[in-house]
Amino acid sequence: MAVAAVAPGVFTGKASGLVRSGLDRVMSPYSAFIYNLLTMGLILPWTYLWVPAPLPGGKLVWGILLATVLEIPIAFAYVALSTALPRSGGDYVFQSRVFGGFLGFTSVMSGFVIWILQWVALSGWLLAVLGFAPLFLGLGAILPNATLSAWGVWATTPNGIVTISIVNALVALLLLGSGFKNYVKFQYVMWYATLVSFAVMLIVLFGTSPEVAAQRLDRFALATAGVKDFFQGATAGAQKAGANLNPPFSLLATLLVAPIAWTSLQWATYSCEQNGEIKDARSFKNQMFIMVGSLIFTGILLALLAVGLEKAVGTQFVHAASAGFWLGTKEAQLAGFYLWPNIIAVAVAASPLVVILIGVGYILNSFQIVNNCYIGVTRIMVAMSLDRLLPEWFSRVHEKFRTPVNAHLAYFLASLPVIYAYNKVGGWILLTLGVTFGCGYVFTLSALAGALLPYRAPDIYAVSPGSNYRIGGVPWATVLGGLGFAFGGAMVLAFLFSKQLGVLGNWNFANFPKGVWAQIIAGAIIIVSALMYLAAKWAQQQRGINVEYAFKAIPPE
C-alpha cells in the first residue's frame, strides 16, 4: 500500500484547516488524558443500578476490573493506529485506510455519527436527572426550601429534560464554535470539579454505615417526597417484586457485568478523533498515557465507587436500588427517580456544601458528554468530507475560530428531533443501549484494523513509533489488536444475545416486527450508511473522481 499512491484532486483540499501549524495543536497529552476520563463518565453511574437486579450474584467490583483488563488490548491497538495515523477523524481514518472506504464509512457513519445523536440526548437527560435534580432536591430538603425541591422535581419531567437538553446542546455549540482552544481551557474546570465531586462522594460513602445511611435516607425521603420509613420500604418492595437481595456468587453473572461496565470504559480511546489537534500525537509514550493510562485510572476509580456504595448502604439495599431501576419497583424510587450513587451520597451527607460539590461535578461532567459528542463526530465528518464522501461544506473551517463550525451546526440541528423523541416518544429511551452496540462494533473493528495495519498498510506502519516491537515474532499491534477484536466482539455479541443486557437482547419473533424493533432500527442504520457510501462514490464517479484513491494515502492535515 503505497503512501503516495493518490490521484490528483482526490481530496477536497490540501489541508482540513484544523491544523495549520504547531500552534493549532491546542490539546496537550494531559488535556487528552482528561478528555478520555471525562468521556468515560467517571461519575455517571448506570453500572451500579443496572447490574444487581438482572444479574444476581454478579460482583460489581470484579466485573468492572474485568472490563478494564479486556479493554487494555483495544487501547493498545488504538495506540498503534494513532501513532501511525495521527490525524483527526480517528476511527474513520483507521478503518478506511486498512479496510477500504466501504467498510470504514459504513461502520463509523452508522456506529458513531448516527448513533451518537442518541448520546447527545442522553447527555441532556444526565444533566437534568443526575445533575440539576439531585442538586435542587438536596438543597430543598436540607435548607428546607419548597421552591428548590419543586425545581428538582421539574428537572425530572419530560418538558424539563427536553428544555435542559436543548440548552445543554446549544451552549456546547457556542463553546465549541468559538474555538477548540476555549473548550480545552474550560475542560480543566470540568475536570477538577468532577474530581472533587467524585472524591467527596467516595469520602461520604466510605464514611457511612448502613445503619446511619438508613436513618438519613429516611429523613431525606420524608423531606423530599413525604415518604416514611423509606429504607425498609424500598427493601420490602424489591423483595415483593421478585428481587433476590442475598444471592450467592455467580461467575456467569460477574462475567456479564463486564459488558455493562464497558459501556463506560470503551471510550478510553475516543481522543483519537481529534488526534490532529493533540500535541505530539505521534509519540508512543503520549498515546500510552492518554489511552491506556486514562483507562486504568478510570477502571480503578469505578471499582472503588462500587466498594464504597456497598460499604455505605449494604449489599441488600444495593440490590433494592437496582430493583427500582430494572424492575420498576416504585418503593425503591425516590420522588420518581432512581437511587443513583450520587443521590445516596447527597442524602446521607445531609450537608449543603456536599450537595453543591457533588451536584456541580455531575452537572459539568454531563455537559462535557455533549461536547465530546460534537468534537468526535465533527472531526469524523470533516475527514469524510475531505475524502469527498460528504459535501465539501462539512469540512469548511472558520478562518477566525479555527473550528468546523458548519459541522457543529449540522450536528446540533440533527440532535433536536432526537432529544424530543428521547423524552417524549414512548420506548425511545430504551434505544440508549443501541449506542453501546453501535459504538461497540466501531471500537471492535478499529482493534481489528490495528491488528491488520502491519499487513494492509505496511508502509504506514513501518514509519510509526513502536513498529519494531514484536511478540513471539509477530508485530505487537497484530497480537494485541487481535485480542482486542476478540474481546470487543464478545462484548458486542453479549449485547445482541443476552437478555440481561437490555433491549438488543430481547428478541421476540412471536411479536414481529414490534418485538424486534430495536434490532430492526440497528440494522436499518447500517444499511442506510452503506447506501450513503455507495451514493457518494457514484456521485463522484460521475465527476470523474475515483474516491478509492483517497484510501490509499494518509489524509492531509
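The values are calculated or read from the model by the stated rules, or taken from the named source; none is laboratory data. Just so we're clear, the structure is a prediction, and the values are computed from it rather than from any experiment. All Cβ positions, even for glycine, are placed from backbone atoms using ideal geometry, and neighbour counts span all protein chains on display. The protein model used for the area step is the full one, side chains on, heavy atoms only, and it has no ligands, DNA or RNA in it. Shrake-Rupley method; radii C 1.70, N 1.55, O 1.52, S 1.80 Å.
Points worth noting:
- Whichever residue in region 203-241 is of a type in the set (S, T, N, Q) and part of a loop (DSSP other than H, G, I, E, B) and, among such residues, is least open to solvent (accessible area, probe 1.4 Å): Thr208
- When Asn286, Asn244 are checked against the criterion of being in contact with a Pro (Cβ under 6 Å, 6 or more places away or on another chain), open to solvent by 10 Å² or more (accessible area, probe 1.4 Å) and not in a loop (DSSP other than H, G, I, E, B), a single residue qualifies: Asn286.
- Residue-level check: of (1) outside any loop (DSSP other than H, G, I, E, B); (2) under 15 Å from Pro73 (Cβ atoms), Gly466 misses just (1).
- Comparison of Val196, Val167, Val108, Val189 shows that the only residue that is crowded, with 17+ Cβ neighbours inside 10 Å and either assigned to a helix (DSSP H, G or I) or modelled with pLDDT under 95 (or both) is Val108.
- Complete set of residues in region 511-557 that are in a loop (DSSP other than H, G, I, E, B) and at pLDDT below 75: Phe512, Pro513, Pro555, Pro556, Glu557
- Index of the failed condition, Tyr455 passing every other in (1) at pLDDT below 95; (2) of a type in the set (Phe, Trp, Tyr); (3) open to solvent by 40 Å² or more (accessible area, probe 1.4 Å); (4) farther than 30 Å from Ile72 by Cβ: (4)
- Of all the residues in region 29-51, those that are open to solvent by 10 Å² or more (accessible area, probe 1.4 Å) and in contact with a strand residue (DSSP E or B) (Cβ under 9 Å, 6 or more places away or on another chain) number 1.
- From Ala172, Ala128, residue being touching a residue at least 40 places away in the same chain (Cβ under 8 Å), within 27 Å of Val354 (Cα to Cα) and touching a helix residue (DSSP H, G or I) at 6+ places or on another chain (Cβ under 8 Å): Ala172
Residue by residue, here is whether (1) at pLDDT 95 or above; (2) in contact with a helix residue (DSSP H, G or I) (Cβ under 9 Å, 6 or more places away or on another chain) holds:
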| position | (1), (2) |
| --- | --- |
| Gly13 | no, yes |
| Arg20 | no, no |
| Ser31 | yes, yes |
| Gly41 | no, yes |
| Ala53 | no, yes |
| Gly58 | no, yes |
| Pro73 | yes, yes |
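- Selection count where residues are open to solvent by less than 10 Å² (accessible area, probe 1.4 Å) and under 21 Å from Asn342 (Cα atoms), scope region 61-80: 2
- If you go through region 247-269 and pick out every residue that is open to solvent by 50 Å² or more (accessible area, probe 1.4 Å) and of a type in the set (Phe, Trp, Tyr), you end up with 1.
- From the list Leu413, Leu390, Leu409, the one residue that fits, being out of contact with any Gly (no Cβ under 9 Å at 6 or more places or on another chain) and surrounded by fewer than 20 Cβ atoms within 10 Å (Cβ to Cβ), is Leu413.
- Exclusive hit being touching a residue at least 12 places away in the same chain (Cβ under 8 Å), under 20 Å from Leu70 (Cα atoms) and among the small types (Gly, Ala, Ser), set Ala457, Ala449: Ala449
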